[in-house]
Amino acid sequence: MPNYSLAIFDFDGTLADSFPWFIASLDQTADHFHLNRVDPAEIEALRELSSREALNHLGVPMLKLPAITLYMHKLFAEGMHDIRLFAGASDMLFALHDAGVKLALVSSNAEANVRHVLGDAAGLIDRYACGSSLWGKAQKFGAVLRALRQSPANAIAIGDEIRDIDAARQAGVAVGVTTFGYNSRKALERHAPDYLFGDYTAMTRAVVG
């Protein structure tokens, strides 16, 4: 029997290698919304911050955030042919599926974008909860648990950001984070996730046993 009967995945920075695209899209987004461009020298420092701290640091008005999110989803859709899954991500999803683990995907990205990049692995996902939400990620985790009739004690959320750790704690599920995504390993360690994953082999072992 697997260690966890449900694995809830984030997408960008967890399964998809989209951080280079994200950085490349920042100037275009800043110009479109008349915001300050990001100094390339700031990028590593931004990886130390939570998403809210990063937005505050960049001076992004919260009222503009929904429009900015939609705009970046549009840019992602236009450029997603250049975005790939991390090496080993698809094999890991197939391994978990074959072991009987239910799979869910929770992301602020659009479901159509996510499915396109997942390719053949898209059909392995038992539940998608994509798109922006006023209620945040923890509530999406709760909705997934209810829809798939799973106990929080038997579930793990896997992401790559500080906010993924916070949301998992709020939902009462275990949490693991990749060290190759949007937030740095050092930043993630400060928030004490249950697991830090440097590769998908370790991730599979933690979930399946």
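The values are calculated or read from the model by the stated rules, or taken from the named source; none is laboratory data. It should be emphasised that the depicted structure is a prediction, and the values quoted were computed from it without experimental measurement. Methodologically, a virtual Cβ is constructed for each residue, glycine included, from the backbone with ideal geometry; neighbour enumeration extends over all protein chains shown.
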Kindly indicate the residue of segment 1-37 that is without any contact (Cβ under 8 Å) to a residue 40 or more places away in the chain and within 21 Å of L188 (Cβ to Cβ) and also surrounded by the most Cβ atoms within 10 Å (Cβ to Cβ) among those meeting that condition. I23
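Under the condition of being among the β-branched types (V, I, T) and out of contact with any Asp or Glu (no Cβ under 7 Å at 6 or more places or on another chain), which residue from segment 103-138 is modelled with the highest pLDDT?
If we filter segment 103-138 for residues that are among the β-branched types (V, I, T), which is where we start, we get 106, 114, 117, 125.
Still in the running and out of contact with any Asp or Glu (no Cβ under 7 Å at 6 or more places or on another chain): 114, 117, 125.
Details: V114: 95, V117: 95, I125: 98.
Among those that are among the β-branched types (V, I, T) and out of contact with any Asp or Glu (no Cβ under 7 Å at 6 or more places or on another chain), it is I125.
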Taking only segment 72-89 into account, find how many residues are under 23 Å from R205 (Cα atoms) and under 15 Å from the mean Cα position of the chain (by Cα). 3
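Check G119, G123, G131, G88 and return the single one that is touching a residue at least 12 places away in the same chain (Cβ under 8 Å), loosely packed, with under 14 Cβ neighbours inside 10 Å and not acidic (D, E).
Numbers: G123 fails: touching a residue at least 12 places away in the same chain (Cβ under 8 Å); G131 fails: loosely packed, with under 14 Cβ neighbours inside 10 Å; G88 fails: loosely packed, with under 14 Cβ neighbours inside 10 Å.
Exactly one of G119, G123, G131, G88 is touching a residue at least 12 places away in the same chain (Cβ under 8 Å), loosely packed, with under 14 Cβ neighbours inside 10 Å and not acidic (D, E), namely G119.
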Just a yes or no: is a residue in segment 163-178 part of a helix (DSSP H, G or I), over 17 Å from the mean Cα position of the chain (by Cα) and more than 19 Å from A99 (Cα to Cα)? no
Under 8 Å by Cβ, and 6 or more places apart or on different chains, what pairs join a residue from segment 185-209 that is farther than 13 Å from E161 by Cβ and at pLDDT 95 or above with one that is assigned to a helix (DSSP H, G or I) and among the small types (G, A, S)? Y195/A202; Y195/A206; F197/A206; Y200/A89; T204/A95; V208/A95
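Give the number of residues within segment 189-204 that are over 12 Å from A168 (Cβ atoms) and not charged (D, E, K, R). Break it down into steps so the answer makes sense when it comes.
Step one: filter segment 189-204 for residues over 12 Å from A168 (Cβ atoms), giving 189-190, 196-204.
Now drop any that are not not charged (D, E, K, R), which leaves 196-198, 200-204.
Within segment 189-204, residues that are over 12 Å from A168 (Cβ atoms) and not charged (D, E, K, R) number 8.
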Condition met for V144 (in contact (Cβ under 8 Å) with a residue 12 or more places away in the chain, surrounded by 18 or more Cβ atoms within 10 Å (Cβ to Cβ) and assigned to a strand (DSSP E or B)): no
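Give L70, L55, L103, L49 a once-over and let me know the one that is surrounded by 14 or more Cβ atoms within 10 Å (Cβ to Cβ) and part of a helix (DSSP H, G or I). Full working, then the answer.
Details: L70 fails: surrounded by 14 or more Cβ atoms within 10 Å (Cβ to Cβ); L103 fails: part of a helix (DSSP H, G or I); L49 fails: part of a helix (DSSP H, G or I).
Only one candidate passes the filter, namely L55.
Which of the residues that make up segment 177-187 are out of contact with any Gly (no Cβ under 6 Å at 6 or more places or on another chain) and surrounded by fewer than 24 Cβ atoms within 10 Å (Cβ to Cβ)? Talk me through it step by step, then tell me what you get.
Taking segment 177-187 first, the residues out of contact with any Gly (no Cβ under 6 Å at 6 or more places or on another chain) are 178, 180, 183-187.
Selection gives F180, S184, R185, K186, A187.
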Considering segment 159-180, residues that are in contact with a Ser or Thr (Cβ under 6 Å, 6 or more places away or on another chain) and of a type outside the set (K, R), and then whichever is farthest from I8 (Cα to Cα), we arrive at I162
Name the residues in segment 1-46 that are of a type in the set (D, E, K, R) and not in a helix (DSSP H, G or I), would you? D10, D12, D17, R37, D39
